[in-house]
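Before any comments, here is the structure.
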Amino acid sequence: MIVIIDFGMGNLGSIFNMLKYLKAEVMISSEISDIEKADKLILPGVGAFDNGMNNLRKLDLIPHLEKKILNQKTPVLGICLGMQLLTKKSEEGKSTGLGWIDAETIKFSFQTEKNNLKVPHMGWNSVKIINSKSLFNNMNDNAKFYFVHSYHVVCQNEHDILTTTSYGYDFVSAFQSKNIYGVQFHPEKSHRFGMNLFNNFIQMI
């Protein structure tokens, strides 16, 4: 059973529909009892960093998620804001993040006229696969995903980086630390490449 965590910040329906299309057993829930029974978790997110953390606290989900993910090693996939919430902090807000990966979230900053690109970074972009295991199994560098974001993650441990993407400069577009995964793009909006990624997540043991 995959539980998509409903904390009021995500594009839940599209994720649910794609997982159902892939024949996964999936539900959307914020109930602690459902989270405790999950084999895998998805932390989606669209919106502001502080709002996301505040919603998780209001629902009293953080201690239960920590038990499930940090102690029981249940796989979790953070998507977009969900990925950023897994880091220690963000330049977007004042709240501390979950801190489950040694990383921080910063805003795109283009210092030269040549790199004076629009923020948010929006649209289709390719990923450079650093580690093709797990989420990117059976994919190569022609894989393209849909992005909408103004902030991106900086990993302190280069071994955590699964993919990078170029937008003015290279940034981390996917990471993994043990059972904790994050993607900056929206696989639920990324057609066959997104389906491939979700299918790899479904098949993880």
Discussion item. Below 20 Å, Cα to Cα, which lysines can K67 reach? Residues fewer than 8 away in the same chain don't count.
Written reply: K37, K40, K58, K88, K178
Fill in: Per-selection metrics, the stretch 116-197 (Cα): Rg and Dmax in Å
11.9, 36
Response to the item:
By Cβ neighbour count within 10 Å, fewest first, Y167, Y21, Y151 rank Y21, Y167, Y151
Worksheet item: Charges only on Cβ, +1 for Lys and Arg, -1 for Asp and Glu: so what's the dipole of the stretch 143-205 about the Cα centre, in debye to the nearest 20?
Response: 220
Worksheet item: Which residues in the stretch 144-172 have a backbone N closer than 16 Å to a point placed 7 Å from the Cα of I130 along the Cα-to-Cβ line?
Response: 152-167, 169-172
Response to the item:
Checked the stretch 43-162 with the C-alpha gyration tensor, a ≥ b ≥ c its square-rooted eigenvalues, rounded below a/c of 1.5, otherwise prolate if a/b is larger than b/c and oblate if not; verdict oblate
Worksheet item: In what sequence do F147, F110 fall when counting other Cβ within 10 Å, fewest first?
Response: F110, F147
Item to complete: Tally the DSSP beta bridges in the stretch 2-203 and give the antiparallel ones as a percent, rounded to 5.
Response: 65
Response to the item:
Ranked from fewest to most other Cβ atoms within 10 Å of their own Cβ, T74, T164, T87, T96 fall in the order T96, T164, T74, T87
Worksheet item: Using a basic spin-label model with each label point 7 Å from the Cα along Cα→Cβ, how many nm lie between Q72 and V148?
Response: 3.2
Discussion item. Suppose R0 equals 25 Å. What FRET efficiency, 1/(1 + (r/R0)^6) with r the Cβ-Cβ distance, do K178 and Q203 give to the nearest 0.05?
Written reply: 0.90
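Enter the per residue convex hull volume of the chain, computed from alpha-carbon coordinates, in Å³ rounded to the nearest integer.
Dividing the Cα hull volume of the chain by its residue count gives 107 Å³.
Let me know the volume per residue of the alpha-carbon convex hull for the stretch 1-95, in Å³.
Cα convex hull per residue, to the nearest whole number: 84 Å³.
With +1 on each Lys and Arg Cβ and -1 on each Asp and Glu Cβ, how big is the dipole of the chain about its Cα centre, in debye rounded to the nearest 20?
Working: 21 positive and 19 negative charges, 56 e Å.
Using Cβ point charges on Lys, Arg, Asp and Glu, the chain gives about 260 debye.
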Worksheet item: Can you give the FRET efficiency for E91 and D60, using 1/(1 + (r/R0)^6), R0 = 22 Å, r = Cβ-Cβ distance, to the nearest 0.05?
Response: 0.25
Discussion item. For the pair K189/S33, report the inter-label distance in nm, with labels modelled 7 Å from Cα in the Cβ direction.
Written reply: 3.5
Worksheet, complete the sentence: Rounded to one decimal in nm, the spacing of the 7 Å Cα→Cβ label points at N137 and N17 is 2.8
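The numbers here are math on the coordinates, done by the rules we state, and not lab data. Every value quoted in this text rests on a predicted model; they were computed, and no experiment measured them. Virtual Cβ from ideal backbone geometry, glycine too; neighbours counted across all protein chains shown.
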